[in-house]
Amino acid sequence: IVHDLKNPLTSISMAAGIFLSGDAGTITEEQKKLLTTIKNNSKKMTNLIMDLLDIRRMEENRMELNKTTFKVQDLLENLEWMKDTALHEQKKMQFSAGSNIIINADLNILTRICENLLSNALKHTPKGGHIELIISQDDKRTLFEVKDTGEGIPEKYLDRIFDSFFKVTDQQLKTKLDTGLGLAFCKMAVEAHGGNIKVESHLGKGSRFFVTIPK
């Protein structure tokens, strides 16, 4: 079923992309906004489907990484569409990375790790909030930090947010957490790279996710 869902989503995204490129004729600014929403949400749904597939593969030890060496700019280009989503939701998203960073990893998987962390930050950050991706590197590792000015996570739930379909409504703290599959995929995919992921959070102030992978 999951495999069968991929093809129509790909067609939807491609059709929206053709309109946005102008190859199917001139479009208005309002149409451009709507088509961008279609294209970006198709991408989100495709990522969810791939998370389902890859989590299953990793659970069965069938996940094969296609590691290559690439510049950090290649990764950031893959993430540019996320800024459009943030702008549409009246939030600010910013990327910061050293220009000489070289990464050895599975570019597709690493892109989806960052997309999931950024999507999670967007979901839990109110209008007018700020999300930032910071990438740095030392002699041994590459560090990815995603921080937001969102609602934050209660400390007692920090150990559980990487569980598949983790969801909780805390009436006392007026907090709703719904992490679906995104963070579960991130944890498994990061560990498949020999890295680790952790989170720091403060209620009402926001969260910071840290991902490290060997250089």
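The values are calculated or read from the model by the stated rules, or taken from the named source; none is laboratory data. No experiment lies behind these values; they were computed from the predicted model shown. Cβ sites come from the backbone with ideal geometry, for glycine too, and all protein chains shown count toward neighbours. Remember, those area values only see protein heavy atoms, side chains included, never the ligands or the DNA or RNA. Shrake-Rupley method; radii C 1.70, N 1.55, O 1.52, S 1.80 Å.
Some observations on this one:
- Computed over protein heavy atoms with a 1.4 Å probe, the accessible surface of the chain works out to 56 Å² per residue.
- Protection proxy ranking, highest mean first, for peptides 5-15, 112-122, 126-136: 112-122, 126-136, 5-15, where packing is the per-residue count of other beta-carbon atoms within 10 Å, averaged.
- Segment residue 1..residue 32, full-extension length gain: 8.0 nm, with 0.36 nm per residue of separation and the alpha-carbon distance subtracted.
- The chain shape via C-alpha gyration tensor axes, a/c threshold 1.5: rounded
- If a spin label sat at a point 7 angstrom from the Cα of residue 66 along the line to its beta carbon, the backbone N atoms of the stretch 82-116 nearer than 17 Å would be those of 104-113.
- Rolling a 1.4 angstrom probe over the chain with all protein chains present gives an accessible area of which 51% lies on carbon and sulfur atoms.
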